[in-house]
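One structure is given here, and the rest of the page talks about it.
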Amino acid sequence: MKKLFFFTLSLFLFSTFSVFSQEKNPVIENIQKEAYENSQLEILGHELLDDIGPRLVGTPQMQQAHDWAVAKYKSWGISAENQQWGEWKGWERGITHIDMVYPRIQTLDGTQLAWNPGTSSKGVTAELIVLPEIKDSISFKKWLPNVKGKFVMVAMKQPTGRPDENWKEFATPESFEKMKTEREEQTKVWDENIKRSGYDRRSIIPALEEAGAVGIVDSYWSKGFGVNKIFGARTKKIPSVDIELEDYTMLYRMVEHGDKPKIHVVAESKDLGRVPTFNTIAEIKGTEKPDEYVILSAHFDSWDGGTGATDNGTGTLVMMEAMRILKKVYPNPKRTILVGHWGSEEQGLNGSSSFVADHPEIVSNIQAVFNQDNGTGRVTSINGAGFLQSYDYMSRWLRAVPDTIRKNIETTFPGWPARGGSDNASFVAAGAPAFSLSSLSWNYWNYTWHTNRDTYDKIVFDDVQSNVILTAILAYMASEDDAKTSREQVILPIDDKTGERQTWPTPRVPERKGGM
Ligand SMILES: [Zn+2]
């Protein structure tokens, strides 16, 4: 009875919408039923993020993840394969252990950077040194021999480890302003000081290595409690580690006060030479229009400070679960539904742009691409990517999405073409209608994106589940649509800076031999 009442009520509320939401469409009903009653998200998340772990390009874990995904798809009766598109420097992260050993003992929170050259299992023990006040490049050269035999601290000592929201909540307005002003000034002074050496933040590192430093200690604070961003090492032979703000600033103060702290760093890793790198591609073949494609898209790789849970474990889970559900409730789609789990997005959309370059026959027959890559949150915005008619088909498809999910989504039509950021840009550049399903932040930029805290526990499964339903319904609607989508592009506005009309982005040339 309750159900019947609800149905009548919703019919009344949505009477202005299309037939799809008025009649109970069994496929749409079944997508939701399967998503809610038989969700595989938690187990998939556990296997991918906890068991396999981070998926840095060129690592054995990336390869394991590709193999795992192919096996999963096959277990669901979906054909899948790994398609090689390039090669990358092969590297495997080993044990990192960092301790302060003088003047007292304390185990420190930190890790080696990606592609770190690695130490022996015994590690390296040495005193720390910070950059001096630099007058000019000559005085810097004179000072350089001081780094010999030392770990060099190359990040500014942050004045606070509290995020700004925390200051905003508890500080007096005056002291919050004072802190921000001082920090800005300190950052400016720090940057100018490095500049006077004749180097910048990046190029100074090889100079320090050449001068005989035994290691580089960095700290890339991500402006939240306990979060640092972890990227790649820039040293050839000596270890590069990132130490979290709390411990890094303590060490820095100790050096400044003449305590001569020493640290012991074990940062083992393996150089694996050159390894092939892949995209995992799976598909459910279309029955009526097998040569037209609806593409589900999410990059598979990650940085490796955490386990890549929200960048882009959650996008990956959305696409896998949507494919599983579609195969079960919509096994004979009109158009082919293909999923791309791209490699090496993080180094510049390399897997997806290779796919676009290698498969022109697919790209010219794309009905729509749905990409998700900005965290665990429910989708809150979709823009028409600069396709003039996108309003027509996207809003038609969105009308089939249950109101509980659709009501959160703000749409912008015709929108603008993506010029980077994630893999949808690779398709847009080739003129294919590709859309980003853009998520609510959940403090993505500070707390999880490329950080040491991008882990399973940050996943909000209710939101991910809602994204699965959205994606599966959009894929179904795009597949069933009577018409092929229009690719007509908007006329882009005049660029304020150049005074010239902006042009549509052009396909980027992928890096196919990376890190070598
Ligand atoms: Zn990403």
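In this structure, is residue 139 small (Gly, Ala, Ser), surrounded by 13 or more Cβ atoms within 10 Å (Cβ to Cβ), without any contact (Cβ under 8 Å) to a residue 60 or more places away in the chain and outside any loop (DSSP other than H, G, I, E, B)? Give the steps one after another, and end with the answer.
On the way: small (Gly, Ala, Ser): yes; surrounded by 13 or more Cβ atoms within 10 Å (Cβ to Cβ): yes; without any contact (Cβ under 8 Å) to a residue 60 or more places away in the chain: yes; outside any loop (DSSP other than H, G, I, E, B): yes.
Yes, satisfied.
Is it the case that residue 348 is surrounded by fewer than 21 Cβ atoms within 10 Å (Cβ to Cβ) and within 16 Å of the ligand (Cβ to nearest atom)? Judged against the criteria, residue 348 is a match.
Kindly evaluate residue 377 against the criterion of being in contact with a helix residue (DSSP H, G or I) (Cβ under 9 Å, 6 or more places away or on another chain), assigned to a helix (DSSP H, G or I) and touching a residue at least 40 places away in the same chain (Cβ under 8 Å). Taking the combined requirement at face value, the residue does not satisfy it.
Residues checked against (1) among the β-branched types (Val, Ile, Thr); (2) closer than 22 Å to residue 454 by Cβ; (3) within 16 Å of the ligand (Cβ to nearest atom); (4) surrounded by fewer than 24 Cβ atoms within 10 Å (Cβ to Cβ):
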residue: 354; (1), (2), (3), (4): no, no, no, no
residue: 363; (1), (2), (3), (4): yes, no, no, yes
residue: 367; (1), (2), (3), (4): no, no, no, no
residue: 370; (1), (2), (3), (4): no, no, yes, no
residue: 391; (1), (2), (3), (4): no, no, no, yes
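Taking the range 393-419 as the range and being outside any loop (DSSP other than H, G, I, E, B) and either within 16 Å of the ligand (Cβ to nearest atom) or not hydrophobic (A, V, I, L, M, F, W, C) (or both) as the test, the residues that pass are 393, 395, 396, 403, 404, 406, 410, 411, 412.
Taking residues in the range 300-314 that are at positive phi, and partners anywhere that are near the ligand (Cβ under 10 Å from one of its atoms) and not acidic (Asp, Glu), the pairs with Cβ atoms closer than 7 Å and at least 6 places apart or on different chains are 308/302. Among the residues of the range 292-313 satisfying the criterion of being β-branched (Val, Ile, Thr) and more than 10 Å from the ligand (Cβ to nearest atom), which is surrounded by the fewest Cβ atoms within 10 Å (Cβ to Cβ)? Restricting to residues being β-branched (Val, Ile, Thr) and more than 10 Å from the ligand (Cβ to nearest atom), the top hit is 307. Answer with yes or no whether residue 427 is out of contact with any Gly (no Cβ under 7 Å at 6 or more places or on another chain) and over 25 Å from residue 30 (Cα atoms). Spelling it out, residue 427 is indeed out of contact with any Gly (no Cβ under 7 Å at 6 or more places or on another chain) and over 25 Å from residue 30 (Cα atoms).
Please state which one of 422, 426 is within 16 Å of the ligand (Cβ to nearest atom), in the same structural domain as residue 384 (by TED's automatic domain parsing) and not in a helix (DSSP H, G or I). Even if it seems obvious, please write down each step before you answer.
Details: 426 fails: not in a helix (DSSP H, G or I).
Testing whether each residue is within 16 Å of the ligand (Cβ to nearest atom), in the same structural domain as residue 384 (by TED's automatic domain parsing) and not in a helix (DSSP H, G or I) leaves just 422.
The values are calculated or read from the model by the stated rules, or taken from the named source; none is laboratory data. This one's a predicted model, so the numbers in the text were calculated from it and none came from an experiment. Methodologically, a virtual Cβ is constructed for each residue, glycine included, from the backbone with ideal geometry; neighbour enumeration extends over all protein chains shown.
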